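First comes the structure, then the notes that go with it.
The values are calculated or read from the model by the stated rules, or taken from the named source; none is laboratory data. Since the structure is predicted, the reported quantities are computational estimates derived from the model, not experimental observations. Here the Cβ is made from the backbone with ideal geometry for all residues, glycine too, and neighbour counts use every protein chain on show. Only protein heavy atoms, including side chains, enter the accessible area calculation; ligands, DNA and RNA are left aside. Shrake-Rupley method; radii C 1.70, N 1.55, O 1.52, S 1.80 Å.
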4 protein chains.
Amino acid sequence: MIPDQNRAIFEAGIKLGALYHQWVGTPISRKSAAGVESAIEQAVILQPYVEEITVRLDRTLMTENIFGYSELSGLMFNVEIITRVGFTYCRARLAPQDRYPLMQIVECYAITEISRH
Amino acid sequence: MIPDQNRAIFEAGIKLGALYHQWVGTPISRKSAAGVESAIEQAVILQPYVEEITVRLDRTLMTENIFGYSELSGLMFNVEIITRVGFTYCRARLAPQDRYPLMQIVECYAITEISRH
Amino acid sequence: MIPDQNRAIFEAGIKLGALYHQWVGTPISRKSAAGVESAIEQAVILQPYVEEITVRLDRTLMTENIFGYSELSGLMFNVEIITRVGFTYCRARLAPQDRYPLMQIVECYAITEISRH
Amino acid sequence: MIPDQNRAIFEAGIKLGALYHQWVGTPISRKSAAGVESAIEQAVILQPYVEEITVRLDRTLMTENIFGYSELSGLMFNVEIITRVGFTYCRARLAPQDRYPLMQIVECYAITEISRH
């Protein structure tokens, strides 16, 4: 039997790994970035155990190629996700560190089940 | 020297092949479908030689898995694209045929350059 | 400070989520399947914290479309991965369950650091 | 009715656009590059109208990140593809130009149908 906290952590990893490889390579520009952020958020929130997801894409890295657009790259991602299994939460992040798109657990916590009687 | 019509056709093929493989696998639901359609359109229109792009995703195929969502699959795509190189246009389509997501050229045409004097 | 076991679990989730969305949609056939399995394994093993990875793709689901090939879909995946952080290991799996490509933690364990004197 | 040459050109575009977005983002290293090249070739050759495909990935761009691997990016691709529809061939290329991963038609040609009597 896998404890809830372990599963919440596992699910956070799945979602970050998945969104990264689903969306890297998408043509993007500063003008279209907000729409892509919203589409990623809407896709991730559909998946099981996701409580919250915030996606911000770094516009300063969206330098125009010779045709005037850019491509979504790993270092553009600033993502924070909260997963929940039972009463346990995991908050994790994808953000650039040392020029690497690093995924990290930020914190795990449990809320107390409210007594029902 | 490659004629404009050939390049317009080539570009239409590139864009359809690209969007298919960029987006297949995205978690999707009937509720989020409109946002994904719009995000695909906005990503494609950024690319060179694209005049128009319309993306419709077949909601009837979005059957819910055990977690209540679906995944964007090839047969869901109904896409029409118009590319332009010089004064020549190519209209092409991605739509299911015989249970295969078929990409086809619909028509090519040129407009006459308007005399400037 | 995140314990090693949590990080091993998190990394296992990342890798499974990533490979799924990187490779879904790839044209595939029974004949080419072994090459794709090997390419996925070689790509995953490059990533940090991965100790072992085994990818088997279900050939029985590779039914030919009208052009004689198939497309890698989520239910074809049978993947087992072992990640390691410090002396702690996580073994996780991606395999179909109830017609859903389910990712699950199989077990976590630690090996004892061998005394050096 | 679309002439064979137009369809050969269209199919070349589709295949280049598709492989680009299918494979961009794959973890890669100089050691694993040959396996990825071969996997891409095997996936593309399955598809309709493809006669030949050669994929070379530029190892000099595979600089190691802090974890010792790299990620397949658009500028690494050197691809040549030959498509055929009827007796007409199209040769096209994906290669970097001005730091952009440019797709271009190289040439189209027809072979004469051999008289059968």
Check your understanding: Got the residue A:3 label distances to the other copies yet, label 7 Å along Cα→Cβ, in nm, shortest first?
Key -> 0.5, 7.1, 7.1
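Give the accessible surface of chain B per residue, rounded to a whole number of Å², with probe radius 1.4 Å and ligands, DNA and RNA excluded.
Numbers: 5350 Å² over 117 residues.
Solvent-accessible surface per residue comes out at 46 Å².
So what is the 222 nm mean residue ellipticity for chain C from helices alone, if each DSSP H run of at least 4 adds -39500 (n - 2.57) and you divide by all residues, rounding to the nearest 500 deg cm²/dmol?
Working: 2 runs with 33 residues, N = 117.
Calculated mean residue ellipticity at 222 nm is -9500 deg cm²/dmol.
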Exercise for review: Working from Cα positions, state the angle (0 to 90°, nearest 10) between the long axis of helix A:33-45 and the longest principal axis of chain A.
Suggested key: 30
Review point. Cα to Cα, under 30 Å, and not fewer than 8 places away if on the same chain: which lysines meet these conditions relative to residue A:15?
Key: A:31, B:15, B:31, C:15, D:15, D:31
Practice item. Treating the angle as unsigned and between 0 and 90°, give the value, to the nearest 10°, between the Cα long axis of helix A:4-23 and the longest Cα principal axis of chain A. Key: 10
Review point. Which of C:46, C:10, C:21 sits closest to the plus end of the dipole of region C:1-75, meaning its Cα is farthest towards the positive end, when Lys and Arg get +1 and Asp and Glu get -1 on the C-beta?
Key: C:21
Revision key, fill the gap. Taking the axis of the rotation relating chain D to chain C, the D residue whose Cβ comes closest, together with that distance in whole Å, is D:39, 2
**Study point:** Debye, to nearest 20: dipole size of the protein assembly as shown, +1 on Lys, Arg Cβ, -1 on Asp, Glu Cβ
**Key:** 0
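Taking 51 Å as R0, compute the FRET efficiency from the Cβ-Cβ separation of residue A:107 and residue D:111 and round it to 0.05. Mind dumping the intermediate values first?
Working: r = 66 Å, r/R0 = 1.30.
Approximately 0.15, to the nearest 0.05.
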Review point. Between chains B and A, what is the buried accessible area in Å², counting both sides, with a 1.4 Å probe and ligands, DNA and RNA left out, to the nearest 100?
Key: 1700
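Would you mind working out the magnitude of the charge dipole of region D:1-83 relative to its Cα centre, with +1 at each Lys and Arg C-beta and -1 at each Asp and Glu C-beta, to the nearest 20 Debye?
Values: 6 positive and 10 negative charges, 41 e Å.
My answer is approximately 200 debye.
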**Study point:** Residue list for region B:40-73, given a label point 7 angstrom along the Cα-to-Cβ vector of residue C:98 and an amide N cut-off under 20 Å
**Key:** B:62-72
Exercise for review: Report in % the part of the accessible area of chain B that belongs to carbon and sulfur, leaving out ligands and nucleic acids; probe 1.4 Å.
Suggested key: 49
Revision key, fill the gap. Taking the label point 7 Å from Cα along the Cα-Cβ vector, the copy-to-copy distances for residue A:75, listed from shortest in nm with one decimal, are 1.1, 4.2, 4.3
Point to revise | Test item: B:61-74 mean partner chain Cβ contacts at 10 Å | key: 3
Exercise for review: Of all alpha-carbon pairs in the protein assembly as shown, indicate the percentage at a distance above 41 angstrom.
Suggested key: 18
Exercise for review: For chain D, state the average projected area of the convex hull of the C-alpha atoms over all orientations, rounded to one decimal in nm².
Suggested key: 8.8
Study note, to complete from the structure: For the pair residue A:87 and residue B:66, the simple spin-label estimate (label points 7 Å beyond Cα toward Cβ) gives in nm 2.6
